[in-house]
1. Fully extended, how many nm does the chain gain between Ser6 and Ser24 (0.36 nm per residue separation, minus their Cα-Cα distance)?
2. Quick one: grab Rg to one decimal and Dmax as a whole number for the chain, Cα atoms only, in Å.
3. Connecting C-alpha atoms closer than 10 Å in a GNM of the chain, tell me which of Ser56, Ser70, Ser20 has the biggest fluctuation.
4. Picking from Gly41, Gly65, Gly25, which is most flexible by a Gaussian network model of the chain using Cα springs under 10 Å?
5. Roughly how many Å² is the accessible area per residue of the stretch 17-123, as a whole number, for a 1.4 Å probe?
6. Rounded to the nearest 0.05, what FRET efficiency is calculated for Ala109 and Ala39 with R0 set to 22 Å and r the Cβ-Cβ distance?
7. Once the convex hull of the alpha carbons of the stretch 53-123 is built, what does its volume come to per residue, in cubic angstrom?
8. Heavy-atom accessible area of Phe100 with all protein chains present, probe 1.4 Å, nearest 10 Å²?
Amino acid sequence: VQLQASGGGLVQAGGSLRLSCAASGRTLGTYVMGWFRQAPGKEREFVAAIRWSGGSTYYADYVKGRFTISRDNAKNTVYLQMNSLKPEDTAVYYCAARPFVVVTTTPSAYNHWGQGTLVTVSS
């Protein structure tokens, strides 16, 4: 599976951005798709995940209620809608894919990664 992330940019606090992750190479019926982020000097952390089959979603507490993960089956694309952005959301955001139906928040459990897209939130 090849993943191509896009949609990052500079936004003021309180603003919104939508990230996209286009997948190619195979069907995603049994996959879990995740978004992670990594701020300078920090470890990569879980943001959100979606089970491709059925669409169940999972969120980290620090984004719950502000971010929404979704998928478009026809486009083989996963989205991360980010609202009410805060300066602490500034990071490189990565999409990832895991070929199992069990959702996990551990980055090492994901087999495929996109290239990352930078989100900068100014105060």
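The values are calculated or read from the model by the stated rules, or taken from the named source; none is laboratory data. This is a predicted model, so every value here is computed, not measured. Cβ placement follows ideal geometry from the backbone for every residue including glycine, while neighbour counts extend to all protein chains displayed. These accessible areas exclude ligands, DNA and RNA; they are computed on the full protein's heavy atoms, side chains included. Shrake-Rupley method; radii C 1.70, N 1.55, O 1.52, S 1.80 Å.
1. Fully extending the segment from Ser6 to Ser24 adds 5.0 nm.
2. Gyration radius and largest Cα-Cα distance of the chain: 13.3, 41 Å.
3. Checking each option, the largest mean-square fluctuation is seen for Ser56.
4. Gly41
5. Roughly 48 Å² per residue, with all protein chains present.
6. 0.60
7. Given the Cα convex hull of the stretch 53-123, per-residue volume reads 112 Å³.
8. Estimated to the nearest 10 Å², Phe100 gives 110 Å².
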